[in-house]
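Novice: Sharing a structure, written as structure tokens. Questions coming.
The values are calculated or read from the model by the stated rules, or taken from the named source; none is laboratory data. Treat the numbers as computed from the prediction; the structure is a model and nothing was measured. Please note: Cβ atoms are built from the backbone with ideal geometry, for glycine as well, and neighbour counts cover all protein chains shown.
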Amino acid sequence: MPEPAAPTAISSAQPVERMSPPPLWTLTFLTFLLINFCIFVGFDMLLPTLSLYLDQQGISKETMGLIFSSFAISAISMRLTAARLSRRFGATTVLRYGLIICFVGSFLFFLIPHPVFFALARLFHGAGFGLTSTLMVSMAAQVIPSQRIGEGLGYLGLGATVALAFGPLAGLRLSTVFGYRVMFTSIAFCYIAATLVSLTLPKIKLASDSRQESLGLKDFLEFKAFPPASLILIYGMACCSVTSYLAIYCQEMGLPSAAGFFMISTVGTITARLSSGRLYDRYGHITVIPPSIAIMAASILIIVLLPAPVMLYAAAIVYGLSMGSIFPSIQALTLSAVPAENRTIASAIFFNAFDIGIGSGTLLMGLLAGTFETFSVLYLASPCLLAVLLALYFYYYLGRPGGPFSPPRRPS
């Protein structure tokens with residue numbers, strides 16, 4: 001009789017072991033975090049400074065638009081081919097070459113200050129950024145446990161979102177204190193560092209790499225990624241007024257430098273990143289995305305309705321909280337909506353939608369500011385876009401738990 005007791009004890013212990021969460025913090029995952037941070041710092045340092053630099057070089061506004069659009073065109077093109085390049089050469093190899101292309105793009109700014117070289121620099125930077133940002137998410141999703149996809153992508157995106165707060169601050173400081181050459185050197189150093197760190201990565205075979213080589217429409221499109229991609233597109237249009245025009249708006253309103261806003265918003269970003277992913281995995285996206293959209297709208301309204309230094313900094317912390325929640329949640333929503341073998345394509349669609357939102361939003365917001373001859377109007381238009389975003393989210397997902405676009409729930 002005593003012999004059956006032992007198996008009973010073992011079997012009762014086995015479910016407890018299966019319920020323990022799989023490890024997330026591996027060396028490979030930590031390497032991804034560092035590379036992702038370097039990629040986005042190099043990108044975000046140019047957000048508030050490139051237009052100022054081009055204006056200093058005597059570049060017309062029309063030419064500026066062409067230079068800016070060259071980045072988006074090359075980034076979108078390379079993202080659409082990222083999955084095919086990964087299948088042919090391997091994801092890790094393509095990632096490293098993408099980082100080198102980003103370095104070349106930042107180096108070209110040192111050459112002759114001519115619009116052709118500026119456009120060429122943005123073409124290279126866009127191509128490298130398109131490859132690296134797409135593959136980083138797909139490669140990380142391959143090593144993140146499926147039960148912790150929201151948490152893992154939240155931490156991965158922490159580097160990108162902190163960079164969005166830290167990068168513009170660093171770019172403004174370096175360009176004003178030390179000059180633009182030092183700033184471009186710092187950007188180049190970010191990509192050199194990321195390339196060296198990437199040498200420690202193992203060869204990672206993506207699920208999409210097992211697909212047969214073809215030129216069909218399914219190699220470039222994943223229709224299940226379109227609903228969340230449309231959300232991130234509108235989000236990009238709404239938040240571009242803060243990232244692209246805040247420095248000029250602060251000058252217009254006699255407010256402190258926008259650098260302080262970006263620095264303080266980092267605190268809110270980090271706080272949100274440390275909690276929103278777990279909340280997403282445990283209770284679903286509806287507990288994260290709608291409140292975050294409302295919080296972001298409130299922060300932008302504070303900037304325009306209460307234009308005072310104290311309120312600007314209060315809006316910064318609130319803006320950081322929302323920014324640190326919305327982007328990774330919609331990103332996790334996108335990857336959860338598609339089969340594993342289509343994650344690279346879904347990532348490309350996601351980032352392309354975000355870039356299109358940023359690009360078109362920057363253009364439309366600039367035209368709006370020119371029409372009304374004030375940048376204040378942008379901070380009234382952005383909450384309207386966020387209201388559209390919230391309505392579209394409810395249209396897609398409200399009342400549809402377990403629907404075709406909803407991520408799987410974790411077992412309780």
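Novice: Does TYR249 qualify as being within 19 Å of TYR393 (Cβ to Cβ), in contact with a Leu (Cβ under 9 Å, 6 or more places away or on another chain) and crowded, with 20+ Cβ neighbours inside 10 Å?
Specialist: Here the answer is no, as TYR249 does not meet what is asked.
Novice: Looking at PHE394, PHE375, PHE351, PHE405, which is the one that is in contact with a Ser or Thr (Cβ under 7 Å, 6 or more places away or on another chain) and either modelled with pLDDT under 80 or closer than 20 Å to PRO228 by Cα (or both)?
Specialist: Of the residues listed, the single one that is in contact with a Ser or Thr (Cβ under 7 Å, 6 or more places away or on another chain) and either modelled with pLDDT under 80 or closer than 20 Å to PRO228 by Cα (or both) is PHE351.
Novice: Could you check, for region 344-355, whether at least one of its residues is closer than 23 Å to ILE264 by Cβ and crowded, with 24+ Cβ neighbours inside 10 Å?
Specialist: Within region 344-355, none of the residues are closer than 23 Å to ILE264 by Cβ and crowded, with 24+ Cβ neighbours inside 10 Å.
Novice: Condition first: buried (at least 18 other Cβ atoms within 10 Å of the Cβ) and charged (D, E, K, R). Now tell me which residues in region 262-293 satisfy that.
Specialist: If the condition is that a residue be buried (at least 18 other Cβ atoms within 10 Å of the Cβ) and charged (D, E, K, R), then ARG273, ASP281 are the ones that fit.
Novice: OK, next. Answer yes or no as to whether PHE117 is at pLDDT below 85 and assigned to a helix (DSSP H, G or I).
Specialist: Spelling it out, it is not the case that PHE117 is at pLDDT below 85 and assigned to a helix (DSSP H, G or I).
Novice: Show the residue pairs that are 6+ apart or on different chains and have beta-carbon atoms under 7 Å apart, the first residue being within region 351-372 and of a type in the set (D, E, K, R), the second being surrounded by 16 or more Cβ atoms within 10 Å (Cβ to Cβ).
Specialist: Note: pairs meeting the criteria are ASP355/ALA72; ASP355/ALA75; ASP355/ILE76.
Novice: Further, regarding this structure: Starting from residues that are in contact with a helix residue (DSSP H, G or I) (Cβ under 8 Å, 6 or more places away or on another chain) and among the small types (Gly, Ala, Ser), keep the ones in region 355-372 and report whichever is modelled with the highest pLDDT.
Specialist: Among those that are in contact with a helix residue (DSSP H, G or I) (Cβ under 8 Å, 6 or more places away or on another chain) and among the small types (Gly, Ala, Ser), it is GLY357.
Novice: Being within 20 Å of the chain's Cα centre (by Cα), within 23 Å of ALA127 (Cβ to Cβ) and either in a helix (DSSP H, G or I) or among the acidic types (Asp, Glu) (or both) narrows it down to one of MET139, MET183, so name that one.
Specialist: Exactly one of MET139, MET183 is within 20 Å of the chain's Cα centre (by Cα), within 23 Å of ALA127 (Cβ to Cβ) and either in a helix (DSSP H, G or I) or among the acidic types (Asp, Glu) (or both), namely MET139.
Novice: Return yes or no: is LEU50 buried (at least 19 other Cβ atoms within 10 Å of the Cβ) and either on the phi < 0 side of the Ramachandran plot or touching a residue at least 40 places away in the same chain (Cβ under 8 Å) (or both)?
Specialist: Values: buried (at least 19 other Cβ atoms within 10 Å of the Cβ): yes; either on the phi < 0 side of the Ramachandran plot or touching a residue at least 40 places away in the same chain (Cβ under 8 Å) (or both): yes.
Considered against the rule, which asks whether it is buried (at least 19 other Cβ atoms within 10 Å of the Cβ) and either on the phi < 0 side of the Ramachandran plot or touching a residue at least 40 places away in the same chain (Cβ under 8 Å) (or both), LEU50 comes out as yes.
Novice: On to the next question. Take region 186-202 and flag every residue that is part of a helix (DSSP H, G or I) and either within 20 Å of LEU131 (Cα to Cα) or of a type in the set (A, V, I, L, M, F, W, C) (or both). Let's see the steps before the verdict.
Specialist: Our first condition is that a residue be part of a helix (DSSP H, G or I); within region 186-202, this holds for 186-198.
Listed by number, the residues that qualify are ILE187, ALA188, PHE189, CYS190, TYR191, ILE192, ALA193, ALA194, THR195, LEU196, VAL197, SER198.
Novice: Here is a further query. Cβ-Cβ distance below 7 Å, separation of 6 or more or different chains: which pairs start in region 93-109 with a residue that is outside any helix (DSSP H, G or I) and end on one that is surrounded by fewer than 19 Cβ atoms within 10 Å (Cβ to Cβ)?
Specialist: Partner pairs satisfying both residue conditions: none exist.
Novice: Here's a check for you: in region 40-71, which residue that is over 16 Å from HIS114 (Cα atoms) and among the aromatic types (Phe, Trp, Tyr) is modelled with the lowest pLDDT?
Specialist: Ranking the qualifying residues of region 40-71, first place goes to PHE71.
Novice: Checking THR200 against (1) among the hydroxyl-bearing types (Ser, Thr, Tyr); (2) at pLDDT below 90; (3) more than 23 Å from the chain's Cα centre (by Cα), which test does it fail?
Specialist: For THR200, the failing item is (2).
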